[in-house]
Structures are given as structure tokens and as C-alpha cells.
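One structure below.
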Amino acid sequence: MLRRARQGTRERREMKRFAVLAAAAALAAAMPAFGQAGTGFSIFDGDAWFGITDSPTSGTATSPPTAVFRVSGPTGTNHLHGTWWWFRMQGDTREYAFHNASGTTGGGNTATTTWHLVGRGAVGNPYAFSAALTYTVTDTGDNLGQLVQSMVITNIGSEPMTLNLFNYADFDVNASSGGDSATGGLDGITITDGPWTILYQGVGASGYRVTPYAGLLGELTDASATNFSNTGLPFGPSDITAGFQWTLNLDAGQSATVVMSFAVVPTPASLALLGLGVLTAARRRR
């Protein structure tokens, strides 16, 4: 009897594992193709899910990859439409999307996409750096979850460089593109719609920017340089896009890590300081 009970437990575990893997495969199949083939992915932890389509093939791409972020299972409410990263070298006249990724590795709740970016900007300024972007999704409770993106930049050139990084996110909190309201500032942007609240943070960022769609996307993809000057809050209700900017000064061979996250939290304020403290601690440990 005991052996039969143990066998039944193992069978139930295998059935649950199979159901989770089948749901992950269904989510991955539902993500449309975009850009650099084979770099899109989906990851999950419990009921928290994140998926993103492939990396763009051009630095002047005008649309970010499509993305989903859910904390109530693979078919639960989606709070995200798209997210991506842009960069600009000192002296350049515009921003460039991270493009032509080398590949993506990982599984479970973590995935890492890498780039080897060498070229010249719009006015001939050379750039040479590598980047490794690690995504980690975590189930933090019932209908709660967090996605952390940690970007490691390494100057692989022979001269010092100043690099501006930009993270962009197009939120559709509560699966709605028109009802988002936001408050906060450089320490974190709190976005609410209906019963849902998302805390969006960029650790150590030098600036933030909030606009209705597609104002911020246009600023990052046009032919002029953009700097985020801490504007756009309070916001809404409307269709929100938001971003953070960092400025990195790297000697030849030097690396730096930039961290951002968005998390579904219970209330607009209860986890704000805690979330920033956890991310700051993680950055210090590196």
C-alpha cells in the first residue's frame, strides 16, 4: 500500500510537471517571430511568466520586441506589451537598439541573451562592447511576481568609452492599454489599473521619462539624441510608456552592471522601499 501511494505521488508530480512544460511550450509557440531568429524565449516560476520575441536585426529598428508578463499563470492577465534596450555613445546623434544578438541560453526561470556590438554611430563614433542581459522571473506570492533584468556591459575596445543605456517598457497593466495611472520618480514608478499595481525600478539610473504611447518610443527611434530628464509624472489615466537612463564611463576592459525590474505588488507603496533595497543589495554583491 505504501509503495502504491508513493507511486501515485510520483505519477501526480510527473503529470503536474508535464502540464507546466506543455503550458510553457504553448506560450512560446504563441510568441510571434521578430528580428534575430532564435533569441526570443519564455521563462516561468510558479504562476509568474515572462516571454519576449526575438532581438531586432537593426540598430535603427522602430519597434521593440513584443513581451508578456503574467503573475496568474500562463493564460492569466498580461500586464506588458513590449520592452527593450537602446544605447548611445558619447558624441553620437541618436540612440541604437540592441540588435543582432549572439544567442539566448537558459531555462526554467532564467534566460541570458548576449551581444557583441562593434561598429560606428551616425557621426562615425566607434563603439566596441559586449553585453549579457539576464532575465529572472520570480513568483513572490498569490497574484504577485517580479521580473529582474541585469545587464553586464564590457568595454572590449582599446579606449575609454562613455555609454548611455536606456530601458523602455510599454505597460498594459490589467490587460488594458488606456487605463494606466502612474506616480513616483527616479527611485521607482508605480503604475496602477483596476486591482493591479506594478512597481517599475531602475537601480542607479540617472533619469526617467514617462509619456503616452508612442511618444517615448519615437524619441528613442528618431534621428536625434535623447536624454531622460525626470519628466512625465504624475501620469494618466492613459496608455503609458516609461523608461530609465544610465550613463556608464568604462575604461578598456572594464565592466559595469545595470539592473532594472518590474513587479506586481500588493499595494502602491508597501513594497516600494523594500524592492529598491533588494535590487540595490544585489548590485552591491556583484
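Read-outs: derived from the displayed coordinates by stated rules, not from any lab. Bear in mind that the values here come from a model prediction, so they are computed numbers and not experimental data. Note that each Cβ is placed from the backbone with ideal geometry, even for glycine, and that neighbours are counted across all protein chains shown.
The smallest convex shape that holds all Cα atoms of segment 74-119, its convex hull, gives 123 Å³ per residue.
FRET efficiency for THR114 and THR162, Cβ-Cβ distance as r, R0 = 25 Å, nearest 0.05? All intermediate terms of the calculation are to be shown ahead of the outcome.
Working: r = 22 Å, r/R0 = 0.88.
Given R0 = 25 Å and the Cβ-Cβ separation, E is 0.70.
Each residue of segment 72-80 was assigned a 3J(HN,Hα) from its phi angle through the Karplus curve 6.51 cos²θ - 1.76 cosθ + 1.60 (θ = phi - 60°); the sequence is 10, x, x, 10, x, 4, 8, 10, 9 Hz, with glycine and proline shown as x. The amide H of GLN90, built 1.01 Å from its N in the peptide plane, has THR162, ASN164 as neighbours under 5 Å, considering only residues 5 or more places off or on other chains. Taking the alpha-carbon centroid of each part, what is the distance from segment 98-141 to segment 164-222 in angstrom? Here the two parts' Cα centres lie 21 Å apart.
In whole angstrom, how long is each semi-axis of the equivalent ellipsoid of segment 57-150, when you take the square root of 5 times every eigenvalue of its Cα gyration tensor and sort them from largest down? The partial results should precede the final answer.
Details: eigenvalues 194, 41, 22 Å².
They are 31, 14, 11 Å, listed from largest to smallest.
Taking a point 7 Å out from the Cα of ALA214 in the direction of its Cβ, the residues of segment 47-64 whose backbone N falls within less than 15 Å of it are 60-64.
Assuming 0.36 nm per residue, please report the length gained on full extension of the stretch THR57 to ALA175 beyond their Cα-Cα distance. Numbers along the way, then the final one.
Values: separation 118, 0.36 × 118 = 42.48 nm, distance 2.83 nm.
Extending this stretch completely gives an extra 39.7 nm.
Each 10 Å bin from 0 upward holds the following percent of the Cα-Cα pairs of segment 191-262: 17, 44, 29, 9, 2. Ordered from longest to shortest, the equivalent ellipsoid semi-axes for segment 141-265 are 29, 17, 11 Å, each the square root of 5 times a Cα gyration tensor eigenvalue.
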